Amino acid sequence: GDVYKRQDLERDEPEAFMDAQTLRALQRGRPEGGLALPLIVVSYAWHGKDHPDPHGDNLCVLADEIERQQKHSWRHEALPTRFAVFIDFCSLYQWPRDERQDAAFGRALGCVRGSRGRPHTPSSMRTR
């Protein structure tokens with residue numbers, strides 16, 4: 001699988017994006033989990049300064065983990081069938097950015113930084 005920057009996805013694969021209204025309408029998590037939005041936020045160390053995952057290695061690991069979580073033996077802990085995935089390289093505008101894209105990047109980056117470490121935000125770390 002290939003990983004594309006936001007500008008390329010907007011041009012070539014606009015259906016890859018889910019708007020906020022659609023996300024909010026999806027089934028939320030369990031009450032004891034804080035009724036979390038069905039959203040997976042992915043962040044990992046980049047393979048290089050120009051591209052985070054040039055051969056799709058991390059994308060394949062992510063796909064395998066999502067599939068594993070959807071088949072979880074404890075139904076109440078399984079992932080829902082519909083959810084959104086936020087991958088920074090694909091979701092945030094990358095260089096080169098125009099003024100509009102740069103402003104959107106700044107706003108989004110503030111939201112991403114503010115979401116880390118919140119209660120009821122499940123996380124997983126790839127260590128190798």
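Only the coordinates and a few stated rules stand behind these numbers; no lab work does. Since the model is a prediction, treat every value here as computed from it, not as a measurement. Ideal geometry is used to build each Cβ from the backbone, glycine not excepted, and the neighbour counts take in all protein chains shown.
If Lys and Arg each add +1 and Asp and Glu each add -1, what is the summed charge of the other residues whose beta carbon sits under 13 Å from the beta carbon of ASP98?
Net local charge, ASP98 excluded: 0.
Under 5 Å between amide H atoms, partner at least 5 residues away or on a different chain: which partners does ILE87 have, H built in plane at 1.01 Å?
VAL42
Starting from the Cα-Cα distance between LYS71 and ALA25, subtract it from 0.36 nm times their residue separation and give me the gain in nm to one decimal.
That works out to 14.2 nm of additional length.
Report, to two decimal places, the Cα Rg of segment 1-105 normalised by 2.2 N^0.38 Å (N = number of residues).
1.20
Out of the chymotrypsin sites (Phe, Trp or Tyr not before Pro) in segment 5-92, which ones are loop residues according to DSSP with at most 14 other C-beta atoms within 10 Å?
Sites meeting the loop and neighbour criteria: PHE17, TRP46, TRP74.
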